[in-house]
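The values are calculated or read from the model by the stated rules, or taken from the named source; none is laboratory data. None of these values were measured; they are calculated from a predicted model. Ideal geometry is used to build each Cβ from the backbone, glycine not excepted, and the neighbour counts take in all protein chains shown.
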Amino acid sequence: ALRALAEQGEEVEALVQRKRSLKPLVVELRSEADTLTRRLKDSSTVVQRVVESVRVLDTAQANTRKALERTVDIVGLKTCVEEVAAAMQAENWEKAADVMQRHLKVVPAADGGSGEEAAMQALRRCLAEMQTIISEGCQTAADAGDM
C-alpha cells in the first residue's frame with residue numbers, strides 16, 4: 001500500500017510539474033487577452049466616432065439639400081413676381097394671370113424666410129391690383145355696353 005501511494009505521489013508530482021510549466025503560458029495568454037481587450041475597446045471608440053461623424057455629415061447633407069430646394073423656390077418666386085409686375089406694367093393681364101397661376105400651384109413651406117414672405121406679399125399685392133383693374137375694366141365695359 002505504501003508502494004502504491006509512493007507511485008501515485010510520483011504521478012501527482014509529475015502532474016504538478018506539468019501544471020507549473022503551463023503557468024507562464026497562461027500568464028502570457030492572459031496578457032495577450034488583455035491587450036486584445038484594450039484594442040477592441042479602442043476600435044469600438046473609433047467606430048463610435050466614425051458613426052457620429054457620418055450622422056453629422058448626413059444631417060449636413062440633408063440641410064444642404066433643403067437649403068438648395070428653398071433657394072430654387074425663392075428664385076422661382078422672385079422671377080414670378082418680376083414677370084407679373086412687368087406684365088401688369090404692360091397691362092398684359094392674361095400674361096400676369098398665367099404667370100401667377102403657374103406659380104401658385106407651388107405651395108411655399110410653412111416656415112418661409114423673410115425674403116420669400118416679402119415676395120409672396122408682393123405677388124398678393126399684384127394679384128389684388130390686377131383684380132381691381134379687371135373689375136374696373138369690366139364695369140366700364142358694362143357701363144358702356146361693350147359686353
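If a residue has to be surrounded by fewer than 10 Cβ atoms within 10 Å (Cβ to Cβ) and acidic (D, E) to count, how many in the range 14-31 make the cut?
Selection size over the range 14-31: 0.
Under 30 Å from R102 (Cα atoms) and either surrounded by 10 or more Cβ atoms within 10 Å (Cβ to Cβ) or out of contact with any strand residue (DSSP E or B) (no Cβ under 6 Å at 6 or more places or on another chain) (or both): which single residue out of G9, G76 fits that description?
The conditions single out G76.
Quick grid of which residues meet (1) of a type in the set (D, E, K, R); (2) touching a Lys or Arg at 6+ places or on another chain (Cβ under 9 Å); (3) at pLDDT below 90; (4) assigned to a helix (DSSP H, G or I):
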site	(1), (2), (3), (4)
L5	no, no, yes, yes
E13	yes, no, yes, yes
V26	no, no, yes, yes
R39	yes, no, no, yes
S44	no, no, no, yes
V54	no, no, no, yes
T59	no, no, no, yes
A67	no, no, no, yes
V72	no, no, yes, yes
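Touching a Cys at 6+ places or on another chain (Cβ under 9 Å) and at pLDDT below 75 - does that describe any residue in the range 137-146?
Scanning the range 137-146, I find no residue that is touching a Cys at 6+ places or on another chain (Cβ under 9 Å) and at pLDDT below 75, so the answer is no.
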